[in-house]
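What follows draws every value from the coordinates through simple rules; no lab data is involved. Worth saying up front: this structure is predicted, and the values here are computed from it rather than measured. Virtual Cβ from ideal backbone geometry, glycine too; neighbours counted across all protein chains shown.
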Amino acid sequence: MEKQQNHHCSDMELPLPQGTEAFQLEKAVCSNGLFMMAPNQWDPLSKTLTRPLRLHHHDALSSLIVSISQRPSSLAVRVHATHSLSPQQQRALTGQVSRMLRFSEAEEKAVREFRSMPIDHQNRSFAGRLFRSPTLFEDMVKCILLCNCQWPRTLSMAQALCELQLELQNGSPCAAAGSGNPEVETDGFVPRTPAVKETGRKGVGSSCVSTKGVFLKKKLEWEVDGNLQMDHLLESSSNVTLLPTDNVNSEELSSDNSCLQFPDGKEYFNHTGNFPSPGELANLDESFLAKRCRLGYRAGYIIELARAIVEGKIQLGQLEELSKDASLSSYKQLEDQLKQIKGFGPFTRANVLMCLGYYHVIPTDSETVRHLKQVHSRNSTSRTIERDVEEIYGKYEPYQFLAYWSEIWDFYERRFGKMNEMHSSAYKLITASNMRSIGKDKRKRKRPSQKGEC
């Protein structure tokens, strides 16, 4: 079939890493909760990740929508709403994609060594590669959002921050979302996905998630058919700045005339921007941010972090450079620096350091306690949790967290189904109350504290 030239998008190709196990995009992306948080959008039908990325570091005005799909030996990276990219812009975008998927020598080494370990509990859905954000700042903020709240609220706070970013781009933090982003064309990007329609009583679809005898019924607000395709996903917007660029030959990278389907994509990207940058958040009023995004006390921590980065007190580039070798000495240096940041307690620090490639410390919280009780019959407390974790996972040093996460991710998928096949409307079902053993632990949960580091 003759290839069709796309005039409103640029295609790039990113070689896949060569490891002990064949790379699979769905395993690399759908490997922890970060992929569920806005502005990430995973399409389970076409196995494609779509989100805004920046053409320049911290340049909010140059965000463009990028779709990532897999080919036999490479990733197809489609940049929408532009027909050309300069070499510098291409490097910036592929660098962000590589960071999200952890394409580095140190990370490849960690994956190989972890996969060679005799793991007691093998999980075929987890390949040892943990998804993360395109920037360290986004990782740090999202780690703050994990503290002292249930998963649905974490998702809503991330979504609200991305909606706010679009409002800021339209000129007013109090304004409603604008007209959306420029049109996206996806002809020739990935194979056409089959039409699927959820059916149910009165024409309303519903999905049932098996939880070993318990069925969680969730009405779906979406249907997938031939009309919901990504080439109709985005409309014009002032959210994007196009700069003079060199031409990119996208014809050679296109595969066929097919389209990428994306349930609810048009509506989503019409009202959601990129994740806000430090510069966009630094000048906001704390009370406004707390109210607009329902962040509570976290707003103060996030604004203080953003201001410290803008003022040069925190050098994110230096932190990432220091973490390249993932050595114990650099871990201690990084942890000491993170301790100086307000709001970064042990749980948040351990999560940020995990995002930086350190896997020998397991961030422990109430979810860890629940997991050890249900899976390992340990009645852990805040005083015993570190000892219990060491007894169970210490033998996997320096990859204790990967072993722990492989186990916990398998538990989630046994309860809720494969994460890479789940529609985004079901993400909020992944809560502690839906993981409890049937007929057990029906006591009311103690509400988390509203203030303090974690």
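Whole-Hz Karplus values for the stretch 354-365 come out as 5, 5, 8, x, 9, 10, 8, 10, 9, x, 10, 8 Hz, taken residue by residue from phi with 6.51 cos²θ - 1.76 cosθ + 1.60 and θ = phi - 60°; glycine and proline positions read x. Residues in the stretch 280-294 carry Karplus couplings, in order, of 6, 8, 4, 9, 7, 6, 4, 5, 5, 5, 4, 6, 5, 10, 6 Hz; the curve used is 6.51 cos²θ - 1.76 cosθ + 1.60 with θ = phi - 60°, and Gly or Pro positions show x.
Annotation: extensible slack from residue 24 through residue 379 equals 124.1 nm (criterion: 0.36 nm per residue apart, minus Cα-Cα distance).
With both labels modelled 7 Å from their Cα along Cα-to-Cβ, the residue 287 to residue 104 distance reads 4.1 nm. The stretch between residue 121 and residue 88 holds 7.5 nm of extra length on full extension. This uses 0.36 nm per residue minus the Cα-Cα distance. Averaging Cα coordinates gives a centre for the stretch 388-432 and one for the stretch 294-340; these two points are 26 Å apart. Working from label points 7 Å from Cα in the Cα-to-Cβ sense, the residue 13 to residue 271 distance is 4.0 nm. Along the stretch 390-395 the Karplus relation, 6.51 cos²θ - 1.76 cosθ + 1.60 evaluated at θ = phi - 60°, assigns HN-Hα couplings of 5, 5, 7, 10, x, 5 Hz to successive residues, with x for each Gly and Pro.
Computed from the Cβ-Cβ distance with R0 of 41 Å, the FRET efficiency linking residue 421 to residue 397 stands at 0.80. Amide H contacts under 5 Å for residue 75: 14, 16, restricted to partners 5 or more places along the chain or on a different chain, H placed in the peptide plane at 1.01 Å from N. Site pair residue 332 and residue 431 shows an inter-label distance of 4.3 nm when each label is modelled 7 Å from Cα along Cα→Cβ.
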